[in-house]
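Beneath this line is the structure, given in structure tokens, with notes to follow.
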């Protein structure tokens, strides 16, 4: 009893009660932390630098335009013999059955590069002008598009950054085997988002066909009547 005549009826927390309260608080904190961590993980997993994604889309647009204008190159009459022209009619792409022949350049596709002879439109010549475009993957996450002359001299270059890896493939689909298709895969990644399971590269793929190449493949009897000139 106090001096005022009142008695304290309340009591403090026991050790067991304090331990249980701390344990419950820790469990709640852990659940919140795991939820936030999972949310961040999924966000980072699907995040890619927008600029790098735009670079990849631009690269595919360039590839689509170049492949649609592609054609095997063969020198004009008087520079390449009749039998050589007849031989060239059987090929559009470099394959294991093709033997390198002077005056003829075919479309060449490797897993990480592609070389395309293509029409240079706007030329008034009777024999169409041909220019060469190559796409190669270079160290430093760069896909390079080079416009070169017949000797390999560089005329113009465009570089697409933020590309972690590239893959090219030529194929025909079983539903329409008469249409050659160029398949492209670009891996886009922003390294600042981490490594491992977080920040895996985004795959950007495209299947590109060319009506002109399809016509060449399926109408071989009239190809290379006049030949081409190199730009």
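Details
- Selected residue (criterion: nearest to the chain's Cα centre (by Cα)) from residues of region 81-109 that are under 27 Å from residue 186 (Cα atoms) and surrounded by 13 or more Cβ atoms within 10 Å (Cβ to Cβ): 109
- A residue that is touching a helix residue (DSSP H, G or I) at 6+ places or on another chain (Cβ under 9 Å), on the phi < 0 side of the Ramachandran plot, at pLDDT 80 or above and not in a helix (DSSP H, G or I) occurs somewhere in region 53-70.
- Within region 77-101, the residues that satisfy the criterion of being part of a loop (DSSP other than H, G, I, E, B) and either in contact (Cβ under 8 Å) with a residue 12 or more places away in the chain or in contact with a strand residue (DSSP E or B) (Cβ under 6 Å, 6 or more places away or on another chain) (or both) are 79, 89, 90, 91, 92, 94, 101.
- Matching residues, region 110-121, being in a strand (DSSP E or B) and surrounded by fewer than 17 Cβ atoms within 10 Å (Cβ to Cβ): 113
The values are calculated or read from the model by the stated rules, or taken from the named source; none is laboratory data. Fair warning: this is a prediction, and the values are worked out from it, not measured in the lab. Every residue, glycine among them, receives a Cβ derived from its backbone with ideal geometry; neighbour counts consider all protein chains shown.
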